[in-house]
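First up is the structure itself, then whatever we jot down about it.
The values are calculated or read from the model by the stated rules, or taken from the named source; none is laboratory data. Owing to the predicted nature of the structure, the values given are computational and were not obtained by experimental measurement. Backbone-built Cβ (ideal geometry, glycine too); neighbour counts: all protein chains shown.
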Amino acid sequence: MFLTEPQVYELLERYGIETPRHRTFKRGEEVEWHLFPAVVKVVSPKIVHKSSVGGVVFVEGPKELQRAVEELFRKFPDAQQVIVEEKLSGIEAFLGVKRDPSFLHLIAVGLGGVLVELLKDPVFIPLSASRSETEKKIAETKLYRLVKGYRNFKGNLDLLLELIEKLKKLLKENPEIAEMDLNPLFITENRVVPADGRAVTEPPPERPKFRPLPKELFRPRTVAVIGASTNPKKVGYALVRNLEQFQGKVFPVNPKHEKVLDFKCYPSILAVPEPVDCALVAIPAKGVPEVIRECGKKGVKLAVVISAGFGETGEEGRKLQEELKRAAAESGIRVLGPNTLGFIVPGLKLNASFSTVTPPPGETSFLSQSGALITAVIDKAAEERFGFSEIISLGNQADIEITETLELATRDPSTKVVLSYVEGLKLGAELLNFLNRKPCIFIKAGRSESGRRAAASHTGSLAGNYKLFKDAVETKGGIVVDSLEEAFDTANLLSTYGGIRGRRLLVITNAGGPGTLAADYAEAEGLKLADISAAVEELSRGLPPNWSRINPIDLIGDATSDRYRFAFKTVEKLNTWDAALVIVTPQSMTDVPEIAYEIVKFKERSRRAVVACLMGGHSVKGGREILKNNRVPNYPDPYRAVKSIRRGVWNGLSSSEARQEKA
């Protein structure tokens, strides 16, 4: 149902939100109004954008008002009302609401007026955001600068925040509101008042219920493979082969075989003589629901349905997936998939998937809605010795949803960082509640506008799927990156240091060019070059006369490990830096391995975030190995290094505090 401007004003007033002085008049009613200048608008649920169809008239006095009312009723014969209200002035902002199926209500705030879509200034803020989180997100907008004071513009930020807090309460108590536009919203030093309002109400969407996963669900002691095979070309064979190194017990299940590889094979899951924690299911799709029921009878806690042929294939597949969900619910068993690669826990030597490679153990949980992406990532990670605490392929998410696996990962003591590849969310509102537990990094697919739903309201047209996701997640402290490379760069830093508690960056280099680039990148990313003035005199005693004397500290191209060591020991006494970037370029006298060892000692002595950038190829390979073995994050160029440090600052400071200066 469409709510007209008077109806929206009435709703706002019930929650103490100021509206313009206004009055509605019916067709044929005498118009009495004495506050000028004024605005006259047609009122009709059929007219969404009144100004674009000539439904808004500004008047200076009673006679103009009367003529305007008569003209509007003549122009819009179906309209039965007009609204007359005071003419407002001030900073033109936009305040809107969108109810997303996953994140539920989000509030959009930014510069407004008729150019709102062109400016694309608004940010989207979830209802779960605190007042301080709300302010920090608004600080990313151009509106924030105007409200804080710019040339002749100044508004009242506290009044704006109070209005948003009242709007949050309104939305929590009125879940049927699907969209709302308050555009323009005029902001002055004394008032924050909408000059227009429209809303749409619809029944709240049906959503799955969040169910916390048991702590040991993905740490089974016994695993059955239903559909085990002796044919090396079959998935059932690959699953059993991958479990050969598992520290627990393995039970192949297939009535056609007595043995698969070196394991005794059983005719059914019910015939297995011991308790089974996890069952991997790799049989034709039509037989899966009945197998799930058998797993329930056996007391299996987790069924991993590798089989495809469900919701991803069309209507028949969707029906089969619904049957699978019913079977799981009736049996009290949690299901991963269907159409999943499986999961891997390197620390247990558990490869419950058909990936050919098991990566090394580590402290990053990788959750993915793409199995194919996982295989590529695992292959690359194994080559670079990047470790994981677990890898989970979500598949079709018929039962277990990525939010539930993320929440479980934040409770896992072996996980320091959670990295997720997300295509779509069902439980976005719930996801936001867990982002402050551990560093959570997201790669979000679906950034293009081609799939955007056409919407009648400004809020709808501004609310692309990616935009909503990024704003909501970052407001609550999550990190959204643009690529897999950036994701693993960031995970590398955060798993080593956690968050960085300040934005003051120290750069030490043996080459002026890379140091200058690092300084440029730091400024672009909102970092501050640390003040080294207190150490300049001491540094000058041990460095060449032509050293830079500023940050970046340029040690000059002939620097060896001795010069790096001297610089490190001098600057580590300073309390003016939060993170250090050490750049090394290979030159004829550069003793790279020895410099790498000095970087390791610098990290250990300073007890602050020290990041290396060993530039080059074969000449720095040995140094890179030393850094990797001693858990010093190293990047091949200054851009990636600075970008990762910036992400660490984002995580180290509260949600979006660090992002304000970059905005």
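For the range 567-574, the condition of being aromatic (F, W, Y), farther than 18 Å from Y597 by Cα and buried (at least 18 other Cβ atoms within 10 Å of the Cβ) holds for none of the residues. Considering the range 506-560, the residues that are outside any helix (DSSP H, G or I) and in contact with an Asp or Glu (Cβ under 7 Å, 6 or more places away or on another chain) include one that is nearest to S606 (Cα to Cα), namely T509. Within the range 246-267, residues that are modelled with pLDDT under 95 sit with their Cβ atoms under 8 Å from residues that are among the hydrophobic types (A, V, I, L, M, F, W, C), at 6+ positions apart or across chains, in these pairs: Q247/L348; Q247/L350. Residue count for the range 94-134 under the criterion of being aliphatic (A, V, I, L, M) and at pLDDT below 95: the result is 6. Restricting attention to the range 182-208, the residues being among the charged types (D, E, K, R), within 28 Å of the chain's Cα centre (by Cα) and modelled with pLDDT of 95 or more number 1.
Just name the residue that is farthest from W577 (Cα to Cα) out of those in the range 482-504 that are of a type in the set (V, I, T) and surrounded by 21 or more Cβ atoms within 10 Å (Cβ to Cβ).
Ranking the candidates gives T490 first.
Of the helices (runs of 4 or more DSSP H) lying entirely inside the range 97-189, those containing at least 3 residues that are on the phi < 0 side of the Ramachandran plot and among the hydrophobic types (A, V, I, L, M, F, W, C) are 116-119, 142-148, 157-173.
Taken over the range 608-656, the residue count meeting the criterion of being among the hydroxyl-bearing types (S, T, Y), over 22 Å from L505 (Cα atoms) and crowded, with 24+ Cβ neighbours inside 10 Å is 0. Of all the residues in the range 5-33, those that are in a loop (DSSP other than H, G, I, E, B), more than 17 Å from P184 (Cβ to Cβ) and in contact (Cβ under 8 Å) with a residue 24 or more places away in the chain number 5. Look at the range 400-417: where a residue is assigned by TED's automatic domain parsing to the domain that holds L432 and a partner is aromatic (F, W, Y) and assigned to a helix (DSSP H, G or I), sitting 6+ places away or on another chain with Cβ atoms under 7 Å, you get L406/F434; E407/F434; T410/F434.
Quick test of your reading of the structure: P77 fulfils all but one of (1) part of a helix (DSSP H, G or I); (2) free of Cβ contacts under 8 Å to residues at least 12 places away in the same chain. Name the failing condition by number. If we test P77 against (1) part of a helix (DSSP H, G or I); (2) free of Cβ contacts under 8 Å to residues at least 12 places away in the same chain, just (1) comes out false.
Remark: pairs (first residue in the range 478-500, more than 20 Å from R447 (Cβ to Cβ); second residue among the charged types (D, E, K, R) and not in a loop (DSSP other than H, G, I, E, B); Cβ separation under 7 Å; 6+ apart in sequence or on different chains) = L493/R647; S495/E363.
Name the residues in the range 277-294 that are closer than 10 Å to A224 by Cα and surrounded by 23 or more Cβ atoms within 10 Å (Cβ to Cβ), would you? Listed by number, the residues that qualify are C278, A279, L280, V281. For the range 332-386, filtering for residues that are at pLDDT 95 or above, of a type in the set (G, A, S) and within 20 Å of Q247 (Cβ to Cβ) leaves 6. So which residues in the range 410-435 are among the aliphatic types (A, V, I, L, M) and over 13 Å from T364 (Cβ atoms)? Scanning the range 410-435 gives V422, L425, L427, A429, L431, L432, L435.
Of all residues in the range 330-350, which are more than 28 Å from the chain's Cα centre (by Cα) and not assigned by TED's automatic domain parsing to the domain that holds P289? Result: L348, K349, L350. For the range 571-602, a residue qualifies if it is more than 39 Å from the chain's Cα centre (by Cα) and either among the small types (G, A, S) or assigned to a helix (DSSP H, G or I) (or both), and the qualifying residues are S588, E594.
Among the residues of the range 376-417, the one identified as at positive phi and of a type in the set (K, R) is R385. Close Cβ contacts (under 6 Å, 6 or more residues apart or on different chains) running from residues in the range 198-224 that are surrounded by 12 or more Cβ atoms within 10 Å (Cβ to Cβ) to residues that are of a type in the set (D, E, K, R) and part of a loop (DSSP other than H, G, I, E, B) comprise T201/E176; P208/K426; P220/D277; R221/D277; T222/D277.
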